[in-house]
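In what follows, a structure is listed as structure tokens, so that the remarks can point back to it.
Every read-out reported here was derived from the displayed coordinates using simple, explicitly stated rules and does not represent laboratory data. Keep in mind that what you see is a predicted model, and the values were worked out from it rather than measured. Note that each Cβ is placed from the backbone with ideal geometry, even for glycine, and that neighbours are counted across all protein chains shown.
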Amino acid sequence: MDEKINQLKDLINESNNIVFFGGAGVSTESGIPDFRSKDGLYNQKYKYPPELILSHTFFMAKTKDFYDFYRDKMNSLKYEPNTTHIKLAEMEKEGKLKAVVTQNIDGLHQKAGSKNVFELHGSVLRNYCMKCKKFYDAEYIFNSNDIPKCECGGIVKPDVVLYEEGLNEDTIEGAISAIENADMLIIGGTSLTVYPASGLINYYKGNKLVLINRDETNYDKRANLVINDSLGKVFSEL
Ligand code: OAD
């Protein structure tokens, strides 16, 4: 492990255009469960399978059930950034790290101070009326009891990419450009099983691809350095 941490430190020292690509594993040490681990969201029992609940069809057909689940399980307001979020924000401030590309919707990178964050799957912090597009903050949604409604009568929908929905074009373009220009790509806390997000790492053409993940992934063979350990442990050593 020490040997690998030293290798990681050397790679970071040599780099000035680092991009971090992350997923739910970045926030587990803040207390937010990921999706596919043993204690992850998709392995818990609900009235409906969580993957179904987080789909556009379900949102439209069973909006009340969607919001009961969403308020219960997706409320990230009560959580704080952990070592990984904080270290990444510091690296950006130092000018080493140029962007965070995340599949997370919890807003914790920004809460830690990161500025250039590409949120591929949106954010619970932004919500819009489906009819008049008026903005609502997360408190409005998480403090509601029923289907959150706009003053115009429309349903307020989180700016979160549900299954069957497309990713925001500008966000994808920004993320691709950051990854294409990176001299080092650190991937962490993601099973890399969800497309098109995981496909974005194919845009990295350099030879400093580092993968930090508790479990193995299908991309391990492609990485120049693989650390199968907790992100908190690794980032606290940096
Ligand atoms: P997953 O739950 O699929 O994967 C999380 C990965 O993080 C797993 O491989 C864990 O081993 C690892 N992990 C967990 N905690 C860790 C820690 N403290 N240190 C290091 N590794 C850790 O989550 P994602 O890959 O983010 O999409 O899932 C991608 C997408 O699937 C999500 O954005 C969400 C979901 O469906 C939508 O909702 C659209």
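A simple spin-label model places the labels of residue 73 and residue 229 3.2 nm from each other, with each point 7 Å out along Cα-to-Cβ.
Largest GNM mean-square fluctuation among 84, 193, 102, using the chain with Cα springs under 10 Å: 193. In summary, the lysines within cross-link reach of residue 9, defined as a Cα separation below 30 angstrom excluding same-chain residues under 8 places away, comprise 87, 93, 96, 98, 111, 115, 205, 208, 221, 233. Across every direction, the projection of the convex hull enclosing the Cα atoms of the stretch 108-238 has a mean area of 10.0 nm².
Expressed as a fraction of 2.2 N^0.38 Å, the C-alpha radius of gyration for the stretch 109-148 is 1.38.
Taking 22 Å as the straight-line reach from the Cα of residue 134, the lysines in range (excluding those fewer than 8 positions away in the same chain) are 64, 149, 157. According to a simple spin-label model (label point 7 Å from Cα along Cα-to-Cβ), what is the distance in nm between residue 44 and residue 62? The modelled label-to-label distance comes out at 1.6 nm.
For the stretch 146-211, what is one quarter of the convex hull surface built on the Cα atoms, given in nm²?
Details: hull surface 26.2 nm².
Spelled out: convex hull of the Cα atoms, projected over all directions, averaged, 6.6 nm².
Working value for the chain: equivalent-ellipsoid semi-axes of 32, 18, 16 Å, each the square root of 5 times a Cα gyration tensor eigenvalue, largest first. Counting only DSSP beta bridges with both residues in the stretch 113-238, the antiparallel share comes to about 55 percent.
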